[in-house]
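Enquirer: Just passing along the structure, written as structure tokens.
The values are calculated or read from the model by the stated rules, or taken from the named source; none is laboratory data. Fair warning: this is a prediction, and the values are worked out from it, not measured in the lab. When we count neighbours, we look across all protein chains shown, and the Cβ atoms used for this are built from the backbone with ideal geometry, even at glycine.
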Amino acid sequence: MQGIKDKFPHLPEKISGLRELAYNLWWSWHPEGRALFKLLNRRGWYLSNHNPVKMINRMDRGTLEAATSDVHFMRHYDYVMARFESYMNPSIGWFCSRVAQPEKCRIAYFSAEYGLHHALPFYAGGLGFLAGDFLKECSDLGLPLVAVGFMYPQGYLRQMISPDGWQVGACEMLDRENAPIRKMLDQNGDPITIKVPVMDPPIYLEVWMVQVGKTSLYLIDTSSEANEPWNRVISDRLYTGDLEQRLRQEIVLGIGGVCILRHLGVDYSVLHCNEGHPAFAILERIREKVEGGASYADASQQVRSTTVFTTHTPVPAGHDVFSYQLMDKYFGSYLPTLDLSRDELFRLGMNPARPEGFNMTAFALRCSAYRNAVSKKHGEVSRKMWQPLWPELALDKVPIEHITNGVHVPTWIDRRLGDVIFNRYLGRTWLEEHDQPAIWQLIDEIPDSVLWEHHRFMKEMAIAKIRERARNKWRQSGSDPNNVMASGVLLDPAALTLGFARRFASYKRPTLLLQDIARLTRIVSDPWRPVQIIFAGKAHQDDLQSKQLLQQVFNAAKDQAFGGRIAFVEDYDELLAQYLVHGVDVWVNNPLPPMEASGTSGMKATLNGVPQLSVLDGWWIEGYNGKNGWAVQGAGEGPDRDARDAAAIYDLLEKDIVPLFYDVDEDGVSHGWAAVMKEAIKMTGPGFSARRMAKEYTERFYRKALEAAMKTDSGGERGSAKGDMFGGI
Ligand SMILES: *Cc1c(COP(=O)(O)O)cnc(C)c1O
């Protein structure tokens with residue numbers, strides 16, 4: 001691997017630990033890590049958009065030298081490095097401390113996207129953040145996991161909105177030198193290059209690594225000069241609309257990914273495919289075993305018993321289906337090495353309900369022993385959708401379970417809320433024990449005024465950030481003043497603030513709140529009890545319909561009739577998400593049921609005491625308890641469903657939400673509101689954390705899959721040892 005010693009040649013020896021630290025995203029979810037970089041160079045931290053690699057690259061040696069003689073800084077440095085080193089101890093953590101030989105229990109996790117930090121734009125939305133949060137949590141739990149994904153050099157769509165409200169964003173090239181990623185090199189210092197089988201002409205992969213605490217994430221890069229020009233762009237962008245290119249991407253991710261782990265000598269016993277995109281990894285694992293002398297039947301049985309598959313898509317059209325013709329083109333020469341006929345392969349990927357092509361989800365479902373959806377409701381929807389694969393089974397016996405998604409608490413909790421308020425009222429160990437329900441009962445000990453004041457401050461911060469973006473935009477690009485108005489300059493920290501921020505996809509119904517303009521105008525413009533709405537989100541570049549929805553929202557934000565009480569904030573990313581989930585008063589979610597498999601942004605909000613107003617879909621069916629937010633009782637099917645759902649939301653706003661928020665006592669606090677905030681927080685910690693989720697994957701799936709792997713490795717003999725092996729979990 002590329003020596004980390006080559007990085008930051010100007011870094012003084014006394015603080016050389018910053019190399020390891022800057023290249024490990026550990027800092028991103030440990031406030032003391034972020035604070036250290038901020039202390040080193042407050043302005044640089046801000047200008048680098050909280051990216052320590054970029055910040056240190058831009059600092060000169062003199063400034064760095066000066067830091068080494070700053071007693072205050074050095075004290076922090078020593079403290080943070082000690083914390084970091086003890087965190088990185090491989091034998092510490094929930095999993096390692098309970099399992100006999102944790103190093104033999106490695107899981108390989110494959111996903112097409114990862115949302116880890118805004119400095120690494122390898123995500124489109126929820127699927128990516130789910131994967132990113134999962135990697136962080138596995139690191140915290142000491143679960144030995146390696147991950148594989150794509151390096152999208154053009155991953156980042158910088159969103160800009162034209163004066164007529166059209167998204168005209170451009171893809172921004174990732175600045176690799178200044179990102180916390182490292183290229184993997186061989187002994188001679190050349191990039192390691194791996195040839196993907198299957199592809200003709202061949203494709204060569206280079207590999208980058210991101211260190212996520214103890215978890216290594218390998219990112220595939222196809223931009224090597226050794227590739228034909230049209231192959232260099234395979235990993236350029238997430239989710240291209242071109243099906244052939246998409247198939248090539250998925251071959252590179254799944255098959256190429258397995259080749260990379262093999263090349264790097266990474267041993268693992270269990271494969272976890274996050275969504276169908278990487279499912280060809282299953283084939284390559286089988287091929288490895290066939291090459292090693294196993295029959296196809298044995299190899300596929302072994303692989304199946306050690307494969308976990310998570311589906312995320314309740315929409316039939318959301319699953320990748322490749323034509324048989326395309327499959328022939330790419331798999332013709334691969335199949336013989338598998339000892340598998342064309343018909344057999346195609347049968348594995350056949351969806352009887354839509355037999356027109358090779359369905360990646362059907363394939364993954366058939367080839368994994370452990371399958372899950374991502375919420376209770378999504379489990380039901382998935383069993384129904386995939387019942388044709390198990391025609392002999394009753395609907396409730398279709399073998400797709402559910403493990404509800406969760407969010408990584410240290411990543412999404414506001415630092416002040418966690419370090420100051422929770423530390424005081426929940427005890428200093430709350431974060432280590434945050435999946436214990438008992439701890440969260442202590443939330444009731446927090447005085448209402450403390451929570452209310454804290455939240456008011458967070459709201460002011462969020463609005464200040466939004467105004468700062470608007471100001472910069474006006475200053476830099478001299479934008480149309482109406483556009484500047486639309487981006488939130490008139491937001492008022494005293495007004496009840498709703499937030500709606502997520503990918504603009506039509507099933508998420510971003511324009512639902514605009515259904516009845518007259519009624520909405522009355523709600524937002526009430527002079528005594530005003531309401532404001534902050535919208536943010538990107539449309540996929542090739543999705544005209546979503547761009548039109550975005551345009552509608554933007555035009556509403558520009559509309560004088562709303563008096564600046566509706567804002568559209570450009571360029572939604574992880575950083576803006578942080579401000580919004582900490583700082584708005586109500587998180588709005590109104591997808592078209594049952595299209596939201598889970599949804600996770602609402603969990604980030606409720607964790608911070610921002611209750612959700614949501615249609616009963618996805619995780620909210622499990623989360624809502626009548627006291628911790630508001631549920632829009634779905635209107636049910638029908639042509640005017642949108643109008644009826646919108647009316648239900650306006651009703652809730654007019655009758656419940658607005659009156660409760662403004663029902664302020666003499667002490668300036670709405671105690672009724674604080675009670676809802678507390679209920680929201682109490683529900684999230686134990687129920688919807690990534691910790692609960694990762695433990696469930698371990699206890700329900702990984703454990704059994706690892707046992708199956710050990711059984712095959714030992715020829716089925718030492719079966720009796722397995723009980724002890726996982727006795728602790
Ligand atoms: C959490 C998150 C998402 C996912 O939100 P959903 O509620 O699942 O739509 C998307 N984008 C960003 C930036 C996020 O942080």
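Enquirer: Have a look at GLY254, GLY276 and point out the one that is under 19 Å from THR337 (Cα atoms), within 23 Å of the chain's Cα centre (by Cα) and crowded, with 21+ Cβ neighbours inside 10 Å.
Expert: On inspection, the qualifying residue turns out to be GLY254.
Enquirer: Let me ask something else about it. What strands (runs of 3 or more DSSP E), lying completely within region 572-644, carry at least 3 residues that are within 11 Å of the ligand (Cβ to nearest atom) and in contact (Cβ under 8 Å) with a residue 24 or more places away in the chain?
Expert: 586-589
Enquirer: When you check THR404 against the structure, is it within 16 Å of the ligand (Cβ to nearest atom), among the polar types (S, T, N, Q), under 30 Å from VAL581 (Cβ atoms) and part of a helix (DSSP H, G or I), yes or no?
Expert: It is false that THR404 is within 16 Å of the ligand (Cβ to nearest atom), among the polar types (S, T, N, Q), under 30 Å from VAL581 (Cβ atoms) and part of a helix (DSSP H, G or I).
Enquirer: Identify the single condition in (1) in a loop (DSSP other than H, G, I, E, B); (2) surrounded by fewer than 19 Cβ atoms within 10 Å (Cβ to Cβ); (3) free of Cβ contacts under 8 Å to residues at least 60 places away in the same chain that LYS384 does not satisfy, given that it satisfies every other one.
Expert: Here LYS384 meets the rest and fails (1).
Enquirer: Identify all residues within region 511-566 that are among the aromatic types (Phe, Trp, Tyr) and within 18 Å of ALA486 (Cα to Cα); write none if there are none.
Expert: PHE535, PHE554, PHE562
Enquirer: Same structure again: Right, SER487: hydroxyl-bearing (Ser, Thr, Tyr), within 16 Å of the ligand (Cβ to nearest atom) and touching a helix residue (DSSP H, G or I) at 6+ places or on another chain (Cβ under 9 Å) or not?
Expert: So SER487 does not fit the description; no.
Enquirer: Evaluate region 701-717: report whether one residue or more is at positive phi and in the same structural domain as SER139 (by TED's automatic domain parsing).
Expert: Scanning region 701-717 turns up at least one residue that is at positive phi and in the same structural domain as SER139 (by TED's automatic domain parsing).
Enquirer: Considering ARG158, ARG106, which residue is of a type outside the set (Gly, Ala, Ser) and more than 19 Å from the chain's Cα centre (by Cα)?
Expert: None of the others qualify; the one that does is ARG106.
Enquirer: Do any helices (runs of 4 or more DSSP H) entirely within region 49-151 hold 3 or more residues that are in the same structural domain as ALA22 (by TED's automatic domain parsing) and either at pLDDT 95 or above or more than 16 Å from the ligand (Cβ to nearest atom) (or both), and if so, which?
Expert: Where helices (runs of 4 or more DSSP H) fall fully within region 49-151 and carry at least 3 residues being in the same structural domain as ALA22 (by TED's automatic domain parsing) and either at pLDDT 95 or above or more than 16 Å from the ligand (Cβ to nearest atom) (or both), they are 52-58, 61-68, 71-88.
Enquirer: Something else: Looking only at residues in region 218-239 that are assigned to a loop (DSSP other than H, G, I, E, B) and touching a residue at least 40 places away in the same chain (Cβ under 8 Å), which one is surrounded by the most Cβ atoms within 10 Å (Cβ to Cβ)?
Expert: Per the stated criteria, the residue is SER235.
Enquirer: Go through region 652-705 and give me each residue that's buried (at least 24 other Cβ atoms within 10 Å of the Cβ) and modelled with pLDDT under 95.
Expert: GLY685
Enquirer: Also, quick follow-up: For region 552-572, give me each residue that is at negative phi and surrounded by fewer than 20 Cβ atoms within 10 Å (Cβ to Cβ).
Expert: GLN552, ASN555, ASP559, GLN560, ALA561 - these are the residues of region 552-572 that are at negative phi and surrounded by fewer than 20 Cβ atoms within 10 Å (Cβ to Cβ).
Enquirer: Also, I was wondering about something else. Given the options ILE92, ILE56, name the one that is β-branched (Val, Ile, Thr) and surrounded by 19 or more Cβ atoms within 10 Å (Cβ to Cβ).
Expert: ILE56
Enquirer: With respect to LYS183, is the statement that it is closer than 25 Å to ILE56 by Cα and surrounded by fewer than 19 Cβ atoms within 10 Å (Cβ to Cβ) true?
Expert: yes
Enquirer: Considering only region 68-102, state which residues are under 29 Å from the mean Cα position of the chain (by Cα) and among the basic types (Lys, Arg).
Expert: ARG83, ARG98 - these are the residues of region 68-102 that are under 29 Å from the mean Cα position of the chain (by Cα) and among the basic types (Lys, Arg).
Enquirer: Now for a separate question. Would you mind stating whether LYS508 is within 16 Å of the ligand (Cβ to nearest atom), of a type in the set (D, E, K, R) and under 30 Å from GLY241 (Cα atoms)?
Expert: It is true that LYS508 is within 16 Å of the ligand (Cβ to nearest atom), of a type in the set (D, E, K, R) and under 30 Å from GLY241 (Cα atoms).
Enquirer: Can I ask one more? How many residues are in contact with a strand residue (DSSP E or B) (Cβ under 9 Å, 6 or more places away or on another chain) and either farther than 11 Å from ALA108 by Cα or of a type in the set (Asp, Glu) (or both) when one looks only at region 263-294?
Expert: 9
Enquirer: Determine if region 555-567 includes at least one residue that is outside any helix (DSSP H, G or I), within 14 Å of the ligand (Cβ to nearest atom) and over 22 Å from VAL409 (Cα atoms).
Expert: No, because not a single residue in region 555-567 is outside any helix (DSSP H, G or I), within 14 Å of the ligand (Cβ to nearest atom) and over 22 Å from VAL409 (Cα atoms).
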